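K.L.:
Mind having a look at this structure? Questions to follow.
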Amino acid sequence: MVVLDGVNKRFGALHVLRDIDLTVARGEVVAVIGPSGSGKSTLCRTINRLETIDSGAITVDGRPLPEEGRELARLRAEVGMVFQSFNLFAHKTVLENVTLGQIKVRRTPREKAERTARALLDRVGVGGQADKYPAQLSGGQQQRVAIARALAMEPKVMLFDEPTSALDPEMVNEVLEVMRQLARDGMTMIVVTHEMGFARSAAHRVVFMADGRIVEQAPPARFFGSPRSERAKDFLSKVLHH
Ligand SMILES: Nc1ncnc2c1ncn2[C@@H]1O[C@H](COP(=O)(O)OP(=O)(O)OP(=O)(O)O)[C@@H](O)[C@H]1O
Ligand SMILES: [Mg+2]
């Protein structure tokens, strides 16, 4: 579903992604972990072309990423993204947040868009909040609305960049549970996360990045049970025993 082939990305002198090869199959859930600054967010952002790349190739569902225009808007709809910070439109209601893209990009009639939105809001457990504004919701509720908004575009793949790291601890689980359900439903997912429990239990594969490279990748049991690289051992000793 998603293929990165020899991808390189530089910010000036900083070489942030180095020869990244990554293939994510349909229905696969990949957890991307690694130290701060290793390029995890940049990797995500290249996949829906929020960042351009310097060399290599990226395809989604067999097609190269479009450069611009309507094709790019369609790609952004096909590749749903949920960020760490809640990026809902503050001056629009929850329902409007979830219908907007459907109406503007997908050209869905308003009535149908609202039916879809209400069903999705129910699915992520915030069906009762449709007429509120984002600021009236908890962080966990807002993040679930952000997931519903991305799902409303019927994405082929969902990218999550630390979706729970700005949440109060008691709200982390409600968001992870929605993500687990999505994984069980067969969504293709790339999840940058510090939640090792989620990576262990919900991911099919862990990709470990350091210094812009994929240093190691393996099924979670193998990765957490017997990491091979020194970098991964070091990283795990810090995150699992602090
Ligand atoms: N727009 C930008 N301009 C210049 N440098 C950038 C830009 N975005 C990211 N970087 C740099 O690229 C490197 C990789 O950043 P990135 O955000 O991808 O790391 P990360 O693995 O997501 O880290 P974290 O775990 O802290 O979120 C860092 O050194 C960062 O400072
Ligand atoms: Mg990041």
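K.L.:
Within the range 195-216, which residues are of a type in the set (D, E) and open to solvent by 50 Å² or more (accessible area, probe 1.4 Å)?
P.N.:
If the condition is that a residue be of a type in the set (D, E) and open to solvent by 50 Å² or more (accessible area, probe 1.4 Å), then E195, D211 are the ones that fit.
K.L.:
Next question. Go through the range 59-116 and count every residue that is open to solvent by 40 Å² or more (accessible area, probe 1.4 Å), touching a Ser or Thr at 6+ places or on another chain (Cβ under 8 Å) and away from ligand 1 (no atom under 16 Å from the Cβ).
P.N.:
Total meeting the criteria: 3.
K.L.:
So, one more: Do we find a residue being among the charged types (D, E, K, R), open to solvent by 20 Å² or more (accessible area, probe 1.4 Å) and over 18 Å from A148 (Cβ atoms) anywhere in the range 163-176?
P.N.:
yes
K.L.:
So, of the residues in the range 18-40 that are under 17 Å from the mean Cα position of the chain (by Cα) and more than 16 Å from ligand 2 (Cβ to nearest atom), which turns out to be most open to solvent (accessible area, probe 1.4 Å)?
P.N.:
Checked the range 18-40; the qualifying residue most open to solvent (accessible area, probe 1.4 Å) is R26.
Here is a yes/no grid of residues against (1) hydroxyl-bearing (S, T, Y); (2) modelled with pLDDT under 95; (3) touching a Lys or Arg at 6+ places or on another chain (Cβ under 7 Å):
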position	(1), (2), (3)
A130	no, no, yes
Q136	no, no, no
G140	no, yes, no
M158	no, no, no
D161	no, no, no
L167	no, yes, no
T188	yes, no, yes
R205	no, no, no
I214	no, no, no
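K.L.:
Return the pairs, sorted by first residue and then second, in which the second residue is loosely packed, with under 15 Cβ neighbours inside 10 Å, the first residue lies in the range 1-18 and is free of Cβ contacts under 8 Å to residues at least 24 places away in the same chain, the beta carbons are less than 7 Å apart, and the residues are 6+ apart or on different chains.
P.N.:
Correct list of pairs: empty, since none qualify.
K.L.:
Same structure, new question: Being touching a Lys or Arg at 6+ places or on another chain (Cβ under 9 Å) and among the aromatic types (F, W, Y) is the filter here, so list the residues in the range 216-242 that pass it.
P.N.:
Hits for the range 216-242 are F223, F224.
K.L.:
Right, next: If only one of L4, L43 is under 20 Å from the mean Cα position of the chain (by Cα), within 16 Å of ligand 2 (Cβ to nearest atom), at pLDDT 95 or above and open to solvent by less than 70 Å² (accessible area, probe 1.4 Å), which one is it? Walk me through how you get there before you give the answer.
P.N.:
Numbers: L4 fails: within 16 Å of ligand 2 (Cβ to nearest atom).
So the residue among L4, L43 that is under 20 Å from the mean Cα position of the chain (by Cα), within 16 Å of ligand 2 (Cβ to nearest atom), at pLDDT 95 or above and open to solvent by less than 70 Å² (accessible area, probe 1.4 Å) is L43.
The values are calculated or read from the model by the stated rules, or taken from the named source; none is laboratory data. This one's a predicted model, so the numbers in the text were calculated from it and none came from an experiment. Quick reminder, even Gly has a Cβ in these numbers, built from the backbone with ideal geometry, and neighbours come from all protein chains shown. Side chains are part of the model used for accessible areas, which takes the heavy atoms of the whole protein and leaves out ligands, DNA and RNA. Shrake-Rupley method; radii C 1.70, N 1.55, O 1.52, S 1.80 Å.
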